[in-house]
Amino acid sequence: MSDSATSGPSAGQTTDEQESAAPLRLFLRTETGGAVVLLVAALASVIWINIGPGTYAEFWGTELSIDVGDAGLSLDLRGWVNSGLMTLFFFVVGLETRRELDMGELRERRRVVPLLAAGLAGTLVPVGIFLGLNAGDSSAHGWGVAMSTDTAFALGMLALFGARFPRSLRTFLLTATVVDDFVALAVIAVVYSEELSLPALLTGLGIFAAVLLVRAAGIRRGAVYAVLAAAAWVAFEKSGVDPIVVGLAMGLLTYAYPAARGDLERATALFRLFREQPTAEFERSVRSGIASALSPNVRLQRMFHPWSSYVVVPLFALANAGVELGGGTLAGAFSSPVTYGILLGYLVGKPLGVLGASWLTTRLSRGRLRPPVGWGSVLASGSMAGVGFTVSLLIATLALSGARLEQAKVGIIATVLGSAVTALAVTRGLGLLPRGLRMRALFGTAEGIVDLAEPVDPERDHVRGPADALVTLVEYGDFECPYCGQAEPVVRRLLGDVGDLRYVWRHLPLTDVHPHAQSAAEAAVAAARQGAFWEMHDLLFAHQGALRTADLLGYARRLGLDVERFRRDLEGRAGARRVAEDVESADLSGVSGTPTFFVNGRRHQGAYDIAGLSAAVRAARERALLTR
């Protein structure tokens, strides 16, 4: 079984795809499903409060105390949800952001600047609109309500409309929403927190210092960090600063990195020991070895993302979204500057802020700093970001009360529908543009990240297809890997269907799991020395279960090669150095499993079925045409 394979025989996912919180399609479905569950919870909250307002208030106002000796903490149920469970939500947001910083688009720090600018402007412009409409009124104190995008809803909308947009739009949108989450949390801590208790605050900061020391010492036990995080949470709660900042900070401190081939090989060796001696001691060693091969960020995202999407955020909506619709509430809301400040701030201010900041950054930098997508995608991102819910409701409950709070809730809930309509209109509008203009609007002309460490060399690499093709597809593969075998007919079909495609094969024999992979790779090199690499390549994949030396000699004979020369090359390991060079280039590119694909130098992080690879190749071709 290859390192990149999923458990199913035809799952067809690449390594990075699994190393995220879940495979991309499952992850996007989780976001879409999470947005739907969030919407249902919000509607349930509205229905509940209108059917039984007394029971709604009584239930969420129930006090729950935790006492340890003379010390204790007491909050009502709404407080435990808002300050307790929401800490987990922001922890997941921090994990995802850290992954982008370590492994994604943001690992090139210059790319962070336009995204930060878009996020900040997408926060400040809505606040300006809200303050403009509420100037001179006490409701102006609620300006923070118009700041923060709801990440779950925004990413849910992107999942629905995502097929029309480049993949990098997700990074753009996620970064912009995380920036305004940062700003919103800072505003909560400075503007909307209760009177500060300096001793408790210093205690919380001291615990964070302890977390940094533990991390610097290389301690990986999750229980240690969990205890320290819980202690920091209590300290910040006692200090008067909303403790949800603990979740975001802990997520950002959690490293993300791809699984190294050496770590995977050690995990394989440990499993073999367990297979020979299935004892409890070896079982613990295997679990520890597998866990250490994956970054903590990957494992924690996989563990907590579904809980955040399906439990935490819906519970928050159920506890906070309830608004009584009787007694002229709606009429009052839609004649209130609070409601209009929120609606216009999100539906107009967010898109204008995001688009304007992106344009200004590009102009001031003379094109050196530009968003990773086109202007149409930037505008679509701004429209999807125009939905306030989670943090907006949180700030509304802190900043406003009475009728003003009810008016704010109506405005916040209305942004959900308004943002979806705006995003749909932008998407449809982009679809009406002429093809060339539409592609430029979607993809832009920013230079993409190159993940492939060793550029393709036609004089050295094994190449199929036209030398001047616009798109180059590089595969690191293993002749004994069954998943490479599944990908082979997909690549063959692509070469037949796409005329502007060049395909490159590079060797990555996974010798710890495939005992004949190395000799098969060296046999392919030996055949290449007689001008028959691709013929041997095809035969090896056609007979993946028969790769012993006698089989390899038989394939050479079938191809009409000089068998004695082939035998000498095979026995003398004449191709070992050539294979080792490919393996070294794989290590430099962070490749640990097979098959791993690169499309025009960019690592393909999706399904390698015909639909997935075709979409990646088409997108690369469109981008290449734009920058030609």
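Checking the structure you have, find out if any residue of region 256-264 is crowded, with 19+ Cβ neighbours inside 10 Å, part of a helix (DSSP H, G or I) and at pLDDT below 80.
Taking every residue of region 256-264 in turn, at least one turns out to be crowded, with 19+ Cβ neighbours inside 10 Å, part of a helix (DSSP H, G or I) and at pLDDT below 80.
Quick check on this structure: which one of A532, A527 is without any contact (Cβ under 8 Å) to a residue 40 or more places away in the chain, more than 26 Å from I449 (Cα to Cα) and surrounded by fewer than 22 Cβ atoms within 10 Å (Cβ to Cβ)?
Just a single option satisfies the conditions, and that option is A532.
Please work out if R548 is within 21 Å of the chain's Cα centre (by Cα) and among the basic types (K, R).
no
Name the one entry in S292, S308, S288 that is at negative phi, of a type outside the set (A, V, I, L, M, F, W, C) and either modelled with pLDDT of 80 or more or over 26 Å from the mean Cα position of the chain (by Cα) (or both).
S308
Being crowded, with 24+ Cβ neighbours inside 10 Å and under 30 Å from G136 (Cβ atoms) is the filter here, so list the residues in region 348-365 that pass it.
G349, K350, P351, G353, V354, A357
Any residue that is part of a loop (DSSP other than H, G, I, E, B), touching a residue at least 60 places away in the same chain (Cβ under 8 Å) and open to solvent by 50 Å² or more (accessible area, probe 1.4 Å) - is there at least one of those in region 177-189?
Within region 177-189, not a single residue is part of a loop (DSSP other than H, G, I, E, B), touching a residue at least 60 places away in the same chain (Cβ under 8 Å) and open to solvent by 50 Å² or more (accessible area, probe 1.4 Å).
Mind counting the residues in region 160-176 that are assigned to a helix (DSSP H, G or I), open to solvent by 10 Å² or more (accessible area, probe 1.4 Å) and over 22 Å from V391 (Cα atoms)?
Count: 6.
Kindly list the number of the only condition in (1) among the small types (G, A, S); (2) more than 30 Å from D551 (Cβ to Cβ); (3) within 27 Å of the chain's Cα centre (by Cα) that fails for A414.
A414 satisfies every listed condition except (3).
Within region 470-492, track down each residue that is open to solvent by 10 Å² or more (accessible area, probe 1.4 Å), not small (G, A, S) and not in a strand (DSSP E or B).
The answer is L470, E480, P482, Y483, Q486, E488, P489, V490, R492.
Please determine whether any residue of region 505-513 is aromatic (F, W, Y) and either in contact with a helix residue (DSSP H, G or I) (Cβ under 9 Å, 6 or more places away or on another chain) or surrounded by fewer than 22 Cβ atoms within 10 Å (Cβ to Cβ) (or both).
yes
Can you report the number of residues in region 215-244 which are open to solvent by 60 Å² or more (accessible area, probe 1.4 Å), at pLDDT 85 or above, under 26 Å from the mean Cα position of the chain (by Cα) and not hydrophobic (A, V, I, L, M, F, W, C)?
Count: 1.
If V286 satisfies every condition in (1) without any contact (Cβ under 8 Å) to a residue 40 or more places away in the chain; (2) in contact with a helix residue (DSSP H, G or I) (Cβ under 8 Å, 6 or more places away or on another chain); (3) open to solvent by 80 Å² or more (accessible area, probe 1.4 Å); (4) not hydroxyl-bearing (S, T, Y) but one, which is the exception?
(3)
Looking at this structure, is L115 touching a Ser or Thr at 6+ places or on another chain (Cβ under 6 Å) and buried (at least 24 other Cβ atoms within 10 Å of the Cβ)?
It is true that L115 is touching a Ser or Thr at 6+ places or on another chain (Cβ under 6 Å) and buried (at least 24 other Cβ atoms within 10 Å of the Cβ).
The values are calculated or read from the model by the stated rules, or taken from the named source; none is laboratory data. The model shown is predicted, which means the values in this text are computed figures rather than measured ones. Using ideal geometry, Cβ is built from the backbone for each residue, glycine included, and neighbour counts are taken over all protein chains shown. For accessibility, only protein heavy atoms count, side chains too; no ligands or nucleic acids. Shrake-Rupley method; radii C 1.70, N 1.55, O 1.52, S 1.80 Å.
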